[in-house]
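J.: Have a look at this one.
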Amino acid sequence: MEGLLVVIPTETELAGLESALPRGIDLLIPGIGPVNMAIRLMGWLMENPRPRLMMLLGTCGSYLKGDNTPFFQAREVVLAKSQSYGDLGRCRSSTIEEIKLEDGPISKKMEAYPISELPFIANRILNFHPKIAPMTTLMCSSASFDRASLVRSRTGAMCEGMEGAPFFEIAHEFQIPFVEIRAVSNIAGANRESWDLDGALYSLKSFLKGLFK
């Protein structure tokens, strides 16, 4: 599938998804976090032909609703409707304050590329009737329910990850069609022992097999 750049943050995620990826793609493994994503993706785009589509694949954590039920269960596949920098600001023990400059706040919310206009996969994705949700990007994933609730309240996101926002921002800057697809591995704030990373990757792999068949 020439012209498709697939971005998978870590080797662990790649190992779980590689067998579902089509031939002829370009592949980038930037590493964990927004800084790695920004550096590696910008570097790749400056040194290679412009892709027709960029796809970010990986896992994420689902936030809890006000009634303490999750927006999404483990292993559910979710497309990012929007992205934001969830902890960009002044972080206090119970608040994250906006930093405002003369031209406005430094935080931003970025919308996804319209699914119906995605090259290669638009019709196939729409046929799956995918779940779509606002997501946010953190430097530190939530390790307590209080922290997760704080970020959710601030951003309005339903899921958190660590690479999506710079991916969105760079795609918008270069005007390249893009999509972020993640499978839920955990409830944001839950202890690491409760995560189902293998199950999430298996679910996402099954989704990709259907998408690329």
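The values are calculated or read from the model by the stated rules, or taken from the named source; none is laboratory data. From a predicted model like this one, the values you see are computed outputs, not experimental measurements. For neighbour counting, all protein chains shown are included, and Cβ atoms are generated from backbone atoms with ideal geometry for every residue, glycine included. Ligands, DNA and RNA are stripped out before the accessible areas are found, and what is left, the full protein with its side chains, is counted by its heavy atoms. Shrake-Rupley method; radii C 1.70, N 1.55, O 1.52, S 1.80 Å.
J.: Label point 7 Å out from residue 69 along Cα-to-Cβ: which residues of the range 188-206 have amide N under 19 Å?
T.: From the range 188-206, the list is 188.
J.: Less than 18 Å from a label point 7 Å out along the Cα-to-Cβ axis of residue 192: which backbone N atoms in the range 7-23 qualify, by residue?
T.: Hits in the range 7-23 for residue 192 at 18 Å: 10-13.
J.: Helix by helix through the chain, keep the DSSP H runs that span 18 Å or more along the axis on Cα and average at least 0.5 on Kyte-Doolittle, and give those back in order.
T.: Helices meeting the criterion: 34-47, 197-212.
J.: Write down the accessible area per residue of the range 1-113 in Å², having rolled a 1.4 Å probe over the full set of protein chains.
T.: That works out to 54 Å² for each residue.
J.: Check the straight Cα-Cα distances from residue 81 and name the aspartates and glutamates below 13 Å, setting aside those fewer than 8 residues away within the same chain.
T.: Once the sequence-local aspartates and glutamates are set aside, what remains near residue 81 is 111, 160, 180.
J.: Report, please, the projected area of the chain averaged over directions, based on the convex hull of its C-alpha atoms, in nm².
T.: 11.8
J.: Shifting gears a bit: Suppose every K and R has +1 on its Cβ and every D and E has -1 on its Cβ; what is the size of the dipole of the chain about the Cα centre, in Debye to the nearest 20?
T.: The dipole of the chain has a size of about 440 debye.
J.: Compute the separation of the alpha-carbon centres of the range 172-213 and the range 119-150 and state it in Å as a whole number.
T.: The range 172-213 and the range 119-150 have Cα centres spaced 8 Å from each other.
J.: Expressed as a whole percentage, what fraction of the accessible surface of the chain belongs to carbon and sulfur atoms when a 1.4 Å probe is rolled over the protein heavy atoms?
T.: That share works out to 51 percent.
J.: Explain nothing, just the number: relative contact order of the range 33-156, from Cα pairs under 8 Å at least 6 residues apart, as a whole percent.
T.: Contact order relative to length: 31 percent.
J.: Once all Cα-Cα distances of the range 5-88 are split into 10 Å bins that start at 0, what whole-number percent is in each one?
T.: 13, 41, 33, 11, 2
J.: Please tell me which of these pairs span more than 31 angstrom C-alpha to C-alpha: 65/213; 65/108; 100/131; 100/205?
T.: Those over the limit are 65/213; 100/131; 100/205.
J.: Separate question: So what does the Cα-only Debye profile of the range 132-213 read at q = 0.18, 0.21 Å⁻¹, as log10 I(q)/I(0), no solvent term?
T.: Calculated log10 I(q)/I(0) at the listed q: -0.89, -1.09.
J.: List the relative contact order of the chain as a percent without decimals, with contacts defined as Cα pairs under 8 Å and 6+ residues apart.
T.: 31
J.: OK, next. Convex hull over the Cα atoms of the range 65-173, averaged projected area in nm²?
T.: 8.3
J.: Can you tell which of 207, 128, 116 lies farthest toward the positive end of the dipole of the chain, using +1 and -1 charges on the Cβ of basic and acidic side chains (Lys, Arg; Asp, Glu)?
T.: Going by the Cα projections, it comes out as 128.
J.: To the nearest 20 Debye, how big is the dipole of the range 62-140 about its Cα centre, given +1 on the beta carbon of each Lys and Arg and -1 on that of each Asp and Glu?
T.: Roughly 260 debye for the range 62-140.
J.: Place a +1 charge on the Cβ of each Lys and Arg in the range 134-213 and a -1 charge on the Cβ of each Asp and Glu, then give the dipole magnitude about the Cα centre in debye, rounded to the nearest 20.
T.: Charge dipole, the range 134-213, about its Cα centre: 220 debye, nearest 20.
J.: Starting from the Cα-Cα distance between residue 143 and residue 15, subtract it from 0.36 nm times their residue separation and give me the gain in nm to one decimal.
T.: Stretched out fully, the residue 143 to residue 15 stretch lengthens by 43.6 nm.
J.: Which semi-axes, in whole Å and largest first, does the equivalent ellipsoid of the range 1-43 have when worked out from the alpha carbon gyration tensor as the square roots of 5 times its eigenvalues?
T.: Square roots of five times the eigenvalues give 19, 14, 5 Å.
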